[in-house]
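Chemist: Take this structure, written in structure tokens, and hold onto it; I'll ask about it next.
The values are calculated or read from the model by the stated rules, or taken from the named source; none is laboratory data. Just so we're clear, the structure is a prediction, and the values are computed from it rather than from any experiment. Glycine gets a Cβ as well: all are built from the backbone with ideal geometry, and neighbour counts include every protein chain shown. Heads up: the accessible areas ignore ligands, DNA and RNA and are worked out on the full protein's heavy atoms, side chains in. Shrake-Rupley method; radii C 1.70, N 1.55, O 1.52, S 1.80 Å.
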Amino acid sequence: MHDLTGGLARFRRDVFPAKAGLFAHLATTHRPKTLFVGCSDARVVPELITQSDPGELFVIRTAGNLVPAYASGPDGIVASVEYAVAVLHVTDIVICGHSSCGAMTALAEEHDLSAAPVVAGWLRHADAARARAAAEPAASGPAKVAALVRANVAAQLQNLTTHPSVARALAARTLTLHGWVFDIATGTVETIDAAPAAA
Ligand code: ZN
């Protein structure tokens, strides 16, 4: 296992002192302005790529940066979206996909997921993304994965709008949705329109 203990010690010794004032403030204050929905992929670190301080991003990370469409009943992701929007009153939500996404690669290349049935079920939340990508000119290999990554960000933005808290905030014009794709090799971000892709 990585030396997380050593990391904790370095944080306490080398990093925390410079931000002690910020952490003292944050000890009793939680007012992030942005909900960042990213992939669980270890290479896409929200605070690093946005250069955000502690306290600035409310983060949900899921395999494939998927946000299920709204359904009532206890669900950790739905609850986190609702909390961010209805309680914390975030003003922006970012859905961030990324290059070389394992989840999107599995779908684009139709990998056998029979050994990971829960993953297979979870990735059904990308069905609309697959349908969008399938409507685009035929691509293969990395281009096919990249097309699905972009279509998936657009589809998850649509899914977000089915959440009542999000719909209310959008109607009140207190919330803006953003779609991003982060390229791991270059560190750049492409913005994705929430609207359905033009023919
Ligand atoms: Zn991913």
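Chemist: Looking at D112, D127 in this structure, which one is exposed (fewer than 12 other Cβ atoms within 10 Å of the Cβ), farther than 19 Å from I95 by Cβ and of a type in the set (D, E, K, R)?
Modeler: Working: D127 fails: farther than 19 Å from I95 by Cβ.
Result of the check over D112, D127: D112.
Chemist: Give region 26-43 a look and list any residue that's open to solvent by 30 Å² or more (accessible area, probe 1.4 Å), of a type in the set (A, V, I, L, M) and within 12 Å of the ligand (Cβ to nearest atom), or say none.
Modeler: Residue satisfying the conditions is A42 alone.
Chemist: In addition: For region 44-67, which positions are within 16 Å of the ligand (Cβ to nearest atom) and not in a strand (DSSP E or B)? Working first, answer last.
Modeler: Step one: list which residues in region 44-67 are within 16 Å of the ligand (Cβ to nearest atom), which gives 44-46, 48-49, 59-67.
Matches in region 44-67: V44, V45, P46, L48, I49, A63, G64, N65, L66, V67.
Chemist: Is it the case that region 68-89 has a residue that's within 15 Å of the ligand (Cβ to nearest atom), buried (at least 20 other Cβ atoms within 10 Å of the Cβ) and touching a residue at least 40 places away in the same chain (Cβ under 8 Å)?
Modeler: Narrowing region 68-89 to residues within 15 Å of the ligand (Cβ to nearest atom): none.
No: region 68-89 contains no residue that is within 15 Å of the ligand (Cβ to nearest atom), buried (at least 20 other Cβ atoms within 10 Å of the Cβ) and touching a residue at least 40 places away in the same chain (Cβ under 8 Å).
Results for (1) in contact with a Pro (Cβ under 9 Å, 6 or more places away or on another chain); (2) over 21 Å from V81 (Cβ atoms); (3) in a helix (DSSP H, G or I), shown as yes or no for each residue.
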residue	(1), (2), (3)
A115	no, yes, no
G121	no, no, yes
P137	no, yes, no
L148	no, yes, yes
L157	no, no, yes
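Chemist: Please specify each residue of region 90-103 satisfying the condition of being more than 16 Å from the ligand (Cβ to nearest atom) and farther than 14 Å from T191 by Cβ.
Modeler: Just the residues of region 90-103 that are more than 16 Å from the ligand (Cβ to nearest atom), to begin with: 90-93.
The answer is V90, T91.
Chemist: Further question: Please state which of the following conditions S100 fails to meet, knowing it meets all the rest: (1) on the phi > 0 side of the Ramachandran plot; (2) modelled with pLDDT under 95.
Modeler: (2)
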